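Asks: My questions will all concern the structure given below.
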Amino acid sequence: MNTTKPLGLISLGVLVAVTAGIAVIGIYDSTPIETGEVANPAPIIEAVGEGRYTLDAEFPEVLFELIYADSNLQQSVKYVAGAKGIVFRSDELLPGDTTFTWGVERSFSTAYNVVSVVHSGQANLLYVIGRGRGYADIVERWVVSPLLGSPIASRWLSSYPVGNPLAPAPLISGFAGGQWIEPGARSGSVLLDRTEIYRGSSLGAIGPAVADPDGRFVMALFTLHSPTLERGLYRLDVGDNLAVPVSVLDSSQYPAINDVDAVYLWESAGSVRNIILEAPFASIPQMGVLYDLDNDGLFSLSEFSVYTFPQWLSGGLNEDVAWVSKFLEFY
């Protein structure tokens with residue numbers, strides 16, 4: 001096992017389907033759904049953009065999570081962990097304004113209790129993790145289409161499965177339909193495209209998770225059905241069929257995985273993807289890093305590093321400037 005290694009990552013590739021005019025991504029069966037839309041001038045807030053253990057459902061609290069932000073657009077969700085439904089919020093910086101002054105909320109129902117929401121690094125696309133009957137974990141991919149005239153920010157979803165190297169995909173910015181329309185004059189139906197990518201209970205319970213920016217998989221930390229409740233990192237591939245969890249890292253390979261409480265997917269120099277495992281409660285607090293050197297979605301154990309917290313700090317890896325992208329854009 002390596003103890004030091006230069007970090008590296010890549011740019012994003014996921015997306016959002018829009019009406020005519022600017023890019024489209026992914027192929028889904030789109031169904032208009034009833035939503036509650038409320039114009040609200042109050043801008044959105046604080047949020048987290050990584051996989052982290054959430055609050056116990058017995059102590060419900062409204063959670064806010066930022067899923068995308070740039071100079072003109074902020075998108076976020078709010079939900080109660082352990083309850084059904086999600087509110088999707090879009091905030092815009094209108095021409096001539098210096099602060100985000102226009103916000104619209106849309107309410108979406110779920111048939112399961114929401115556990116967490118995973119951002120994809122771009123607007124309008126997210127993954128929802130829930131718990132259904134029989135304690136089955138459910139992972140859905142959601143694409144929320146913007147109204148005509150509203151801003152968009154997306155990257156193309158890859159049509160290639162895991163195992164194929166990918167080049168970085170550029171961010172596409174613009175407006176749904178090709179031009180900006182005053183928020184009050186926008187028309188059309190809000191579409192929600194849902195694709196269930198995983199459902200199961202035999203392996204264990206899903207904890208922190210991150211999404212591949214190219215749309216190929218979700219990487220999730222499971223608490224396994226075992227006497228010692230060991231944890232393991234598994235890949236859930238997005239495809240035509242429900243994913244079969246693929247083991248990426250377990251406690252026999254990395255004992256501190258049982259102390260991991262957060263998972264990140266970041267990009268740094270060299271266009272190499274990094275899965276970062278934060279283990280603050282290990283006997284030696286540390287960060288474990290898995291590398292995907294050619295962005296084929298495969299994280300080899302031959303490319304694995306462990307940094308103690310002092311090493312992480314002394315190397316400047318806690319600073320934003322050390323990373324090309326954390327796949328949650330801020331400007």
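Laboratory data are not the source of any read-out in this text; all were calculated from the coordinates shown. Everything quoted here is computed from the prediction, not taken from an experiment. Note: ideal-geometry Cβ built from the backbone for every residue, glycine included; neighbour counts use all protein chains shown.
Asks: Give, as a single signed number, the net charge of other residues whose beta carbon lies under 15 Å from the beta carbon of ILE138, with Lys and Arg counted +1 and Asp and Glu -1.
Replies: +3
Asks: Amide H of LEU157: which non-local residues (sequence gap of 5 or more, or other chain) have their own amide H closer than 5 Å, using H built in the peptide plane?
Replies: Placed amide hydrogens put LEU15, GLY26 under 5 Å from LEU157.
Asks: Now for a separate question. Go through the range 64-103 and name the chymotrypsin sites (Phe, Trp or Tyr not before Pro) that are in a DSSP coil and have 10 or fewer other Cβ atoms within 10 Å of their Cβ.
Replies: none
Asks: Quote the relative contact order of the range 191-331 in percent (integer), defining contacts as alpha-carbon pairs under 8 Å separated by 6+ residues.
Replies: With pairs under 8 Å counted, the relative contact order is 15 percent.
Asks: For the range 68-107 and the range 171-243, write down the distance between their C-alpha centroids in whole Å.
Replies: One Cα centre to the other: 18 Å.
Asks: To the nearest 20 debye, what is the magnitude of the charge dipole of the range 31-322 about its Cα centre, counting +1 on the Cβ of each Lys and Arg and -1 on the Cβ of each Asp and Glu?
Replies: The dipole magnitude comes to about 580 debye.
Asks: What residue among SER187, MET219, LEU249 has its Cα farthest toward the positive end of the dipole of the range 164-259, where the charges are +1 on Lys, Arg and -1 on Asp, Glu, each on the Cβ?
Replies: SER187
Asks: Can you give me the distance in nm between label points at SER187 and VAL62, each placed 7 Å from the Cα along the Cα-to-Cβ direction?
Replies: Output for this residue pair reads 3.3 nm.
Asks: Then there is this: Just how many % of Cα pairs in the range 70-139 lie over 16 Å apart, if you round to the nearest whole percent?
Replies: 54
Asks: Which of the chymotrypsin sites (Phe, Trp or Tyr not before Pro) found in the range 107-206 are in a DSSP loop and have at most 13 neighbouring Cβ atoms, other than their own, within 10 Å?
Replies: none
Asks: Same structure again: Please label the shape of the range 255-331 as rounded, prolate or oblate, based on the square roots a ≥ b ≥ c of the eigenvalues of the alpha-carbon gyration tensor (a/c under 1.5 means rounded; beyond that, a/b larger than b/c means prolate, else oblate).
Replies: Judged from the Cα gyration tensor, the range 255-331 comes out oblate (a/c at least 1.5, b/c at or above a/b).
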